[in-house]
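Let me begin by presenting the structure, written as structure tokens, before commenting on it.
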Amino acid sequence: PVPTPVLAIESSCDDTACAIVASDGAILAEAVLSQSGHIPFGGVVPEIAARAHLAALPALVRHTLDRAGLPPSGLGAIAASTGPGLIGGLIVGAGVAKGLAVALDRPFVAVNHIEAHALTARLPGLVPGGAPFPYLLLLVSGGHCQCIAVEGVGRYRKLGGTIDDAAGEAFDKVAKMLGLGWPGGPAVEALAAEGDPAPYPLPRPLFGRPGCDFSFSGLKTAVAQKLAPFAAGALPRSAAAGIAASFQDAVAAIVADRVAHALDMMPQATLLVAAGGVAANTRLRACLTDLAASRGLPFAAPPLRLCTDNAVMVAWAAIETLRERHARGLPPADDLDLLP
Ligand code: KG4
Ligand code: ZN
């Protein structure tokens, strides 16, 4: 009834990804290429990203089909992230996916990237009990920072989001200030492990305030002020580690506080789910686990490769969308006219 397996493409930022997923959620093949062309710039350069997606995608699609042991004609539908994201990369990914759909005469499903993150927890086998609706999603990555009430397929309510930087962006900027590489999150976390935060107290913007919006730019400025007394190249490792630890503690405390408020706004939530690259942070995970436990809720974070940008989540969101349409007696989505 639902046309599967689905081949999906993800190209909204700096990861080029392709995956093939069956109707029961079985991952037949998945591949992600993280672009290295941005490293010298310390951040994602949109045009470099778009060109790298175009260079990588044809071979990546072929490789994914080979890994799944499928001829192209074995696919039931084609999907791609069509936004939000960097427009150049979205156009490339959607263009390749639409071309495949036309050549194979299969439906093309346009997937919202945030929806794909939101539904990942429902991939069969990921969360014990299967993540029934409604649940609260915390999405924390380099580009996104928001709390979303996930009430059903196609039914999402944004409860709050960042008013300035995303949490991952703050990690990346602080990493840069500390002279660490990019992406900064893992480097800050590693350095923080050996640091004593006590001598370097930092502010916690919006902590305790009503609602569940986030703000990190004041925290970032405060880190810069802590670093100011040290001459260039003369920052002792113990100070760098202490500041990293204090920054990480502040982010984890802020995020947990904001999520606590989001749970207050969503008393019907049966589960707390975290996704996005920052959800890999051990300190943050510990705070969220404690918070969920204090509310009697389970906490789940998909494995890291499915938390960060990937195409499995896009294929799964397409399958959920196709199923929903089928259940309502509608024909499979065909979004060929849709623009990113
Ligand atoms: O989801 P993601 O891979 O890409 C998007 O931004 O969509 O997230 C990447 C972000 C980067 O800002 C990176 O510094 C951050 O996630 N990150 C972390 C950790 N691992 C990755 N932040 C804190 N702690 C980590 N362990
Ligand atoms: Zn993402």
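Just so it is clear, none of the values below were taken in a lab; they were calculated from the coordinates. Since the structure is predicted, the reported quantities are computational estimates derived from the model, not experimental observations. For neighbour counting, all protein chains shown are included, and Cβ atoms are generated from backbone atoms with ideal geometry for every residue, glycine included.
Structure values in brief
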| item | result |
| --- | --- |
| Per-residue ³J(HN,Hα) for the range 131-137, Karplus 6.51 cos²θ - 1.76 cosθ + 1.60, θ = phi - 60°, Hz, x for Gly and Pro | 6, x, 6, x, 9, 9, 10 |
| Distant-in-sequence amide H partners of Leu271 (H built 1.01 Å from N, under 5 Å) | Leu136 |
| Residue among Pro84, Pro199, Pro46 with the largest mean-square fluctuation in a Gaussian network model of the chain, springs linking Cα atoms under 10 Å | Pro199 |
| Under the Karplus curve 6.51 cos²θ - 1.76 cosθ + 1.60, θ = phi - 60°, whole-Hz ³J(HN,Hα) for the range 45-52, x wherever Gly or Pro sits | 9, x, 5, 4, 4, 4, 5, 5 |
| Within a Gaussian network of the chain (alpha carbon springs, distance under 10 Å), most fluctuating of His144, His53, His326 | His326 |
| Residue-averaged 222 nm ellipticity for the chain, from DSSP H runs of 4+ at -39500 (n - 2.57), nearest 500 | -13500 deg cm²/dmol |
| Scattering curve values for the range 55-95, log₁₀ I(q)/I(0), Debye with Cα scatterers, q = 0.21, 0.26, 0.29, 0.35 Å⁻¹ | -0.76, -0.96, -1.03, -1.15 |
| The range 311-327 - phi-based ³J(HN,Hα) in whole Hz, Karplus 6.51/-1.76/1.60, Gly and Pro as x | 9, 4, 5, 5, 5, 5, 4, 5, 5, 4, 5, 4, 5, 4, 5, 4, 4 |
| Arg323 paired with Leu297, simple spin-label distance in nm, labels 7 Å along Cα-to-beta-carbon | 2.2 nm |
| Residues of the range 119-137 with amide N under 20 Å of the 7 Å Cα→Cβ point at Arg305 | 119-128 |
| FRET efficiency, Ala228 to Ala198 (Cβ-Cβ, R0 22 Å, nearest 0.05) | 0.70 |
| Net charge of Cβ neighbours under 13 Å - reference Thr308; Lys, Arg +1; Asp, Glu -1 | -4 |
| Rounded Å value of the spacing that divides the Cα centres of the range 190-207 and the range 1-56 | 34 Å |
| Relative contact order (%) - criterion: Cα under 8 Å, at least six apart; region: the chain | 22 percent |
| Chain lengthening between Leu235 and Arg155 when straightened (0.36 nm per residue, less Cα-Cα) | 23.9 nm |
| Antiparallel DSSP beta bridges within the chain, percent to nearest 5 | 60 percent |
| Sites Glu47 and Val102, calculated FRET efficiency, Cβ-Cβ separation with R0 25 Å, nearest 0.05 | 0.40 |
